[in-house]
1. Provide the packing ranking of 164-171, 63-70, i.e. peptides ordered by the mean count of other C-beta atoms within 10 Å per residue, highest first.
2. Quick query: amide H of residue 154 versus all other amide H atoms, modeled in the peptide plane; which residues come in under 5 Å with a sequence gap of 5 or more or a different chain?
3. Once the other residues with Cβ under 12 Å from the Cβ of residue 81 are scored (Lys, Arg +1; Asp, Glu -1), what is the net sum?
4. Between 180, 92, 116, whose Cα lies farthest towards the positive end of the dipole of the range 51-181 when Lys and Arg beta carbons carry +1 and Asp and Glu beta carbons carry -1, centred on the Cα centre?
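Every number in this text was worked out from the coordinates using simple rules, so none of it is lab data. What you see is a predicted model, and the numbers here were worked out from it, not measured in a lab. Counting neighbours? That spans all protein chains shown, and the Cβs are built from the backbone with ideal geometry, glycine included.
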Amino acid sequence: MARRSFPRKREFCKIVALNGERRLQKIRFLRDDVRRRQLLSCGKLIGDPQVPEFHLAQLNIAKLKYRIDDPELSDFVARLDDINALADAAPGFVWRLQTEAGDATAIDYFGPDYLVNMSLWQTVESLRDYAFRSAHKAVMARRREWFEHMEEAYAVLWWVPAGNIPTIEEAGERLDSLRLQGPTPAAFTFKQIFEPG
């Protein structure tokens, strides 16, 4: 499948959740040829909470049955803001991929008919709670109404050093690794979890 390079963006500050607290952070998008992005302090923060050594990264992609503006997807699109807000407020949430306008549907790295969801979480359990034990579960239950069935793996997990933001290119490589080699410490699923380190 054709993949687009993810465009370079300028530095910007935004509120993210880190260690269960809302904190102001600066996300610096480095040169296009630099694979990692750095999460930097954006002003003085009160207190010095202990930062975990690793965060859990997740990528999942979905192939749309219809164009994103098709009426058949209107119910799904209407739920996006609420589901994203639910993730942002979820315990253990760290970061999610989005444009500066806060929209992830415009990111077409895997192709124009694919939606991308990528995020960071403090632990496997915090992501599991959000994905399978919150209102997000009801949206997942309707996945086949909106998305094509995919025979190959469409979701992957991996660990990143805390404070690092993975690139969409790295996420694609992790998904490819899972598809080719099955679960490994570098690319795994909820069915076979590997410890960080």
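1. Details: 164-171: 19.5, 63-70: 14.0.
Descending mean neighbour count gives 164-171, 63-70.
2. It is none; the list stays empty.
3. Values: positive: 79; negative: 82, 88, 103.
So the surrounding residues net to -2.
4. In the range 51-181, that residue is 92.
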